[in-house]
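J.: Following this message is one structure expressed as structure tokens.
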Amino acid sequence: MDMGLSNKTALVTGSTRGIGKAIAIELAKEGANVLINGRDHDEVERTVNEIKSNFPATFPQNAASDIVSIQHREALFCKFPTIDILVNNMGIYEVMQYEDIDDEIWEHYFRTNVLAANGLAKFYLPSMLKHDFGRIIFIASEEAIMPSGLMPQYCMTKSMLLSLSKSLSKLTIGKEVTVNTIMPGPTLSENVQQIIEDMYPNDDRIFSEKEKEFMTTNLPQSEIQRFIKPIEIGKLAAFLCSPYASAFRGSPIRVDGGMVPTIF
Ligand SMILES: NC(=O)c1ccc[n+]([C@@H]2O[C@H](COP(=O)([O-])OP(=O)(O)OC[C@H]3O[C@@H](n4cnc5c(N)ncnc54)[C@H](OP(=O)(O)O)[C@@H]3O)[C@@H](O)[C@H]2O)c1
């Protein structure tokens, strides 16, 4: 299926690894010119080169920037004043005890997971509305609607993204611009794989066996009993960016392996 994304310009934040990289690859596969982002310039350049060699008809570019910093965001806006697609993927997460989370940590999570994404949306939405085409996707989490209690500082920020997405969607009435949120469940980014490996030190079993045990012990409510593959999120994101997904408006879209037990 041709998703109609050829020559669209797509900024995917946090796209040198994990879910963000998978989204960038799926967009490039559909002919989009992806702007690769991360804080490490060389790592971004490596990803750009990898995408260029796999999808030579596209023009991936280096958008290295620490998007939590207002000054860095402004430099990014000067370099890339207009885009068609913004995927606000970058986010931090860590298991923390509620008692250990001080104001500084709450603020750090708010700035990183909410204000950075909001800053980008605020800058790019007006030009999308002006050109009558645009896609903004926020990557939240199943924890946005089903906080596990294991990382309150994270869940709060992901719930906020759902609200922000709907508020922004209200500004798109009558336009070919959409704002939506994807809520992935536990997904096997390199970071998550390392976290799991660290939970089983001195254990010679192959990863899939550790994964199986982890699922049974820690995530029995998952209906797929495996981690979601980043490509599964990438394919969904590419569809949501396509012109065929115009009717998704301010929607929180679950791709959680069945983690959330309710219908809505
Ligand atoms: N993995 C899961 O199980 C899961 C489940 C639900 C939702 N999510 C959400 O999905 C998103 C991606 O998760 P992931 O596991 O794929 O993440 P990840 O593997 O930790 O990847 C993080 C990416 O963000 C970049 N990054 C970090 N801080 C940055 C900053 N300040 N400015 C620009 N780039 C920055 C990293 O590159 P540098 O470090 O070089 O900057 C890297 O490219 C997050 O929002 C997360 O909350 C993940």
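Quick note: the coordinates plus some simple rules give every number you see, no bench work behind them. No experiment lies behind these values; they were computed from the predicted model shown. Glycine also receives a Cβ, built like all others from the backbone with ideal geometry; neighbour counts cover every protein chain displayed.
J.: Which angle between 0 and 90 degrees, to the nearest 10, do you get for helix 230-241 versus the longest principal axis of the chain when only C-alpha atoms count?
T.: That helix lies at roughly 30 degrees to the long axis.
J.: THR178's amide H: which non-local residues (gap 5+, or another chain) put their own amide H closer than 5 Å, with H modeled 1.01 Å from N in plane and none for Pro or chain starts?
T.: GLY134, ARG135, ILE136
J.: How high is the FRET efficiency between LYS229 and PHE264 when r is their beta carbon distance and R₀ equals 30 Å, given to the nearest 0.05? Don't skip to the answer; put the middle values down first.
T.: On the way: r = 25 Å, r/R0 = 0.85.
My answer for the efficiency is 0.75.
J.: Using a simple spin-label model with points 7 Å from Cα along the Cα→Cβ vector, what separation in nm is obtained for LYS210 and SER6?
T.: 4.4 nm
J.: Which pairs break 28 Å Cα to Cα here: LYS170/LYS229; LYS52/LYS166; LYS212/LYS235; LYS8/LYS79; LYS122/LYS175; LYS8/LYS122? Could you put the intermediate results ahead of the total?
T.: On the way: LYS170/LYS229 32 Å; LYS52/LYS166 34 Å; LYS212/LYS235 24 Å; LYS8/LYS79 17 Å; LYS122/LYS175 16 Å; LYS8/LYS122 19 Å.
Table pairs above 28 Å Cα-Cα are LYS170/LYS229; LYS52/LYS166.
J.: Using only the alpha-carbon atoms, what does the range 188-227 span along each of its principal axes? Please give whole angstrom values in decreasing order.
T.: Per principal axis, max minus min of the Cα coordinates gives 28, 18, 14 Å.
J.: May I pose another question? How big is Rg to Rh over the range 1-87, alpha-carbon atoms, Rh as the Kirkwood inverse-mean-distance radius? Let's see the in-between values first.
T.: On the way: Rg = 12.0 Å, Rh = 12.6 Å.
Looking at the range 1-87, the ratio lands at 0.95.
J.: Grab the DSSP H runs of the chain that are 4 residues or longer, score each as -39,500 (n - 2.57), total them, divide by all residues and round the 222 nm result to the nearest 500 deg cm²/dmol. Please list the in-between numbers first.
T.: On the way: 9 runs with 112 residues, N = 264.
Taken over the chain, the calculation gives -13500 deg cm²/dmol.
J.: Tell me which residues come under 5 Å, amide H to amide H, from MET259 once H is placed; ignore anything under 5 positions away on its chain.
T.: Sorted by chain and number, the residues that satisfy this are GLU223.
J.: Please work out the Cα center distance from the range 67-110 to the range 164-237, rounded to the nearest Å.
T.: Taking the Cα centre of the range 164-237 as reference, the centre of the range 67-110 is 19 Å away.
J.: Considering the dipole of the chain built from charges on the beta carbon (Lys and Arg +1, Asp and Glu -1) around the Cα centre, which of MET259, GLN153, GLY119 is farthest to its positive end?
T.: About the Cα centre, the residue reaching furthest to the positive side is GLY119.
J.: Okay, next question. When the chain is fully extended, how far beyond the present Cα-Cα distance does TYR200 get from LYS122, taking 0.36 nm per residue of separation? Intermediate values should be presented prior to the final figure.
T.: On the way: separation 78, 0.36 × 78 = 28.08 nm, distance 4.27 nm.
Extra length available between TYR200 and LYS122 comes to 23.8 nm.
J.: Okay, next question. How big is D for the chain, in µm² s⁻¹ as a whole number, if Stokes-Einstein is applied with the Kirkwood radius of its Cα pairs at 10 °C and 1.306 mPa s? If you can, show how the numbers build up before the last one.
T.: Details: Rh = 18.9 Å.
This corresponds to a translational diffusion coefficient of 84 µm²/s.
J.: Whole-Hz Karplus ³J(HN,Hα) for the range 212-218, in order, using 6.51 cos²θ - 1.76 cosθ + 1.60 and θ = phi - 60°, x for Gly and Pro?
T.: 4, 5, 4, 5, 4, 7, 9
J.: Between LEU236, LEU188, LEU150, where does the largest GNM mean-square fluctuation fall for the chain, given springs only between Cα atoms within less than 10 Å?
T.: LEU150
J.: Next question. Only Cα pairs within less than 10 Å get springs; with that Gaussian network setup on the chain, which residue of ILE145, ILE85, ILE224 has the largest fluctuation?
T.: ILE224
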